[in-house]
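Each remark here refers to the structure printed beneath this line.
The values are calculated or read from the model by the stated rules, or taken from the named source; none is laboratory data. As the structure is a prediction and not an experimental result, all values here were calculated from the model. Positions of Cβ are generated from backbone atoms using ideal geometry, with glycine treated the same way; all protein chains shown enter the neighbour counts.
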Amino acid sequence: MVKQVKDEMTDTMWGQVRAQLEKSVGQNNYRNWIEPLEFADLEGGVATFLVPTNFMGTWVQRNFGEQILRHMISAGAKVSRLEFVVPASAPQARAATTGETPPPANGNGRPARTGGGELPGAPLDKRFTFDNFVVGKPNELAHAAARRVAEGGPVTFNPLFLYGGVGLGKTHLMHAIAHEMQERNPDLRVVYLSAEQFMYRFVQALREKQMMDFKHLFRSVDVLMVDDVQFIAGKDSTQEEFFHTFNALVDQNKQIIISADRAPGEIKDLEERIKSRLQCGLVVDLHPTDYELRLGVLQTKVAAYREQYPDLSIADGVLEFLAHRITTNVRVLEGALMRLFAFASLVGGEITLERAQECLTDVLRASDRKVTVEEIQRKVAEHYGVRFSDMIGPKRLRSIARPRQVAMMLSKELTTRSYPDIGRRFGGRDHSTVMHAVKRVEELIKSDQQIAEDVELLRRLLEH
Ligand code: ADP
Ligand code: MG
């Protein structure tokens, strides 16, 4: 009896949450990914859903997990984790349990018909638009290039190759291009998919003897975007097929957009001819975030969140603190914010600096800044106006030796490197040289005001 009442409550809650999700993920995503979820139960903070395939569960978790969690919490559910379960009788569990190739994402979670002429892409995240992309120094070039390509018109850079570390906005920019192109010309056949999905499609076509359809399908698109292309390195037949698809499209003057976690030349086990093809267009990188960009991202996301939840209150200085301390990437930054939002909606009241620190202890610890010896050498060289190469070179002039000693002392203080290790990094010097330098600078700090100030300033620069 009690259980039944509880079930009805949770069902209503899920009904509400679905309505919210429909608004926040968009019609298409909603129909493809949210509607098929069957809410099973909520116990011990874990909400369980039945899904038709493992692939779908993973996809929903990865792409919509945070949003689902957030909406559930706002609807009053005591939930901290989602689980997706394929019922034992589901016919496709075969592919998932053998573990090899999950069915490709074609927007409905079912294996795609390669012959049907439907577009072979993955769904686009409707939040990943140019409007939602915060531009700063580290990504301005990539952003400008993406904008240019999105304008359509004659194909000038082909391919556009975006690369950079994880969580810096590659996927976001690619989706933004797709949205924009689709908006400008709804008839355009724009296909976005990950290299992994490209491979699944290819393997599936081989298995089902539908290579002709596969080739035809990929050669008939107007714009092809392949995300995380480093994935196909070492996968020879997939590379081969990719290469042919790529060439066929370039020959037809169709735009291609590729992303990877590093520059084309640096992807190991990628065929030379593919590397050089990839380098033919425009290659731009997304740099690691800087403080201004991080703060900009945080402010933008808070403003967007406030539109839905006007009660959110964050104390002055909290965002600045986070931008300072979480220096990894935008994804981690967003994750931290989501946690704060969930926390705020649970406990109510203002998010103070103290609460933020408490709620994010682990994230903050993981992002504790680790300075490298090389960074220290660069900063010190810059400060004293000497060349970086002199830091590790043999010159013994006082004007160079002194900065070098300061850099050695800071290396000992700010990194976990040993004396011999530091010596090696300063052009193969002996550990006793480093020990001497550390002692000398420590003495000087006491007697020489100028040195004391220099060291203090450098220390502060490096600790941020
Ligand atoms: P990548 O594909 O490079 O690993 P993503 O594009 O998936 O990174 O970005 C990770 C998350 O950070 C996404 O939610 C994305 O919206 C967000 N993000 C990254 N860069 C920016 C930016 N400049 N402005 C706003 N959001 C960003
Ligand atoms: Mg990505």
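Details
- Filter result for LYS209 (surrounded by 17 or more Cβ atoms within 10 Å (Cβ to Cβ) and out of contact with any Leu (no Cβ under 8 Å at 6 or more places or on another chain)): no
- LEU249 passes every criterion in (1) more than 19 Å from VAL221 (Cα to Cα); (2) touching a residue at least 12 places away in the same chain (Cβ under 8 Å) apart from (1).
- Matching residues, region 53-62, being in a helix (DSSP H, G or I) and closer than 14 Å to LEU37 by Cα: ASN54, PHE55, MET56, GLY57, THR58, TRP59, VAL60, GLN61
- Residues that are away from ligand 1 (no atom under 16 Å from the Cβ) and closer than 20 Å to HIS172 by Cα do occur in region 242-263.
- Filter result for the condition that a residue is in contact with a strand residue (DSSP E or B) (Cβ under 7 Å, 6 or more places away or on another chain) and farther than 30 Å from PHE202 by Cβ, over ILE267, ILE258, ILE326, ILE314: ILE314
- The set of residues from region 441-458 being surrounded by fewer than 16 Cβ atoms within 10 Å (Cβ to Cβ) and part of a helix (DSSP H, G or I) comprises GLU442, GLU443, LYS446, SER447, GLN449, GLN450, ALA452, GLU453, GLU456, LEU457.
- Hey, LEU224 in contact with a Pro (Cβ under 7 Å, 6 or more places away or on another chain) and touching a residue at least 24 places away in the same chain (Cβ under 8 Å) or not: no
- Sole exception among (1) assigned by TED's automatic domain parsing to the domain that holds ALA233; (2) under 21 Å from ASN132 (Cβ atoms); (3) not hydroxyl-bearing (Ser, Thr, Tyr) for CYS280, by number: (2)
- Test: VAL86 is farther than 30 Å from ALA304 by Cα and modelled with pLDDT of 75 or more: yes
Each row is one residue, and each column tells you yes or no for (1) in a helix (DSSP H, G or I); (2) under 25 Å from ASP454 (Cβ atoms).
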residue: ARG355; (1), (2): yes, no
residue: LYS379; (1), (2): yes, yes
residue: ARG396; (1), (2): no, yes
residue: SER399; (1), (2): yes, yes
residue: ARG402; (1), (2): yes, yes
residue: GLY423; (1), (2): yes, yes
residue: ARG429; (1), (2): no, yes
residue: SER432; (1), (2): yes, yes
residue: HIS436; (1), (2): yes, yes
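- Qualifying residue in region 401-418 (condition: farther than 22 Å from ARG325 by Cα, hydrophobic (A, V, I, L, M, F, W, C) and out of contact with any helix residue (DSSP H, G or I) (no Cβ under 6 Å at 6 or more places or on another chain)): yes
- Taking the criterion of being assigned to a loop (DSSP other than H, G, I, E, B) and within 16 Å of the chain's Cα centre (by Cα), the residues of region 149-176 that qualify are GLY165, VAL166, GLY167, LEU168, GLY169.
- Exclusive hit being within 16 Å of ligand 2 (Cβ to nearest atom), closer than 22 Å to ALA150 by Cβ and not assigned by TED's automatic domain parsing to the domain that holds VAL155, set VAL229, VAL330: VAL330
- Considering residues of region 128-148 that are in a loop (DSSP other than H, G, I, E, B) and within 14 Å of ligand 2 (Cβ to nearest atom) only, the residue farthest from TRP33 (Cα to Cα): PHE133
The rows are residues; the columns are (1) assigned to a loop (DSSP other than H, G, I, E, B); (2) away from ligand 2 (no atom under 16 Å from the Cβ); (3) modelled with pLDDT under 95; (4) of a type in the set (Ser, Thr, Tyr).
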residue	(1), (2), (3), (4)
ILE258	no, no, no, no
GLY265	no, yes, yes, no
LYS275	no, yes, yes, no
CYS280	yes, yes, yes, no
LEU298	no, yes, no, no
ASP311	yes, yes, yes, no
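- Residues that are outside any helix (DSSP H, G or I) and modelled with pLDDT of 95 or more within region 224-245 comprise LEU224, MET225, VAL226, ASP227, ASP228, listed in sequence order.
- Considering only residues in region 165-198 that are free of Cβ contacts under 8 Å to residues at least 40 places away in the same chain and over 30 Å from LYS137 (Cβ atoms), the one that is surrounded by the fewest Cβ atoms within 10 Å (Cβ to Cβ) turns out to be ASP187.
- Among all positions in region 299-314, there is at least one residue which is in contact with a Gly (Cβ under 8 Å, 6 or more places away or on another chain) and of a type in the set (S, T, N, Q).
- Any hit, region 149-162, residues being touching a Lys or Arg at 6+ places or on another chain (Cβ under 9 Å), within 16 Å of ligand 2 (Cβ to nearest atom), modelled with pLDDT of 95 or more and not basic (Lys, Arg): yes
- Among the residues here, LEU270 does not qualify as buried (at least 19 other Cβ atoms within 10 Å of the Cβ) and outside the structural domain of LYS215 (by TED's automatic domain parsing).
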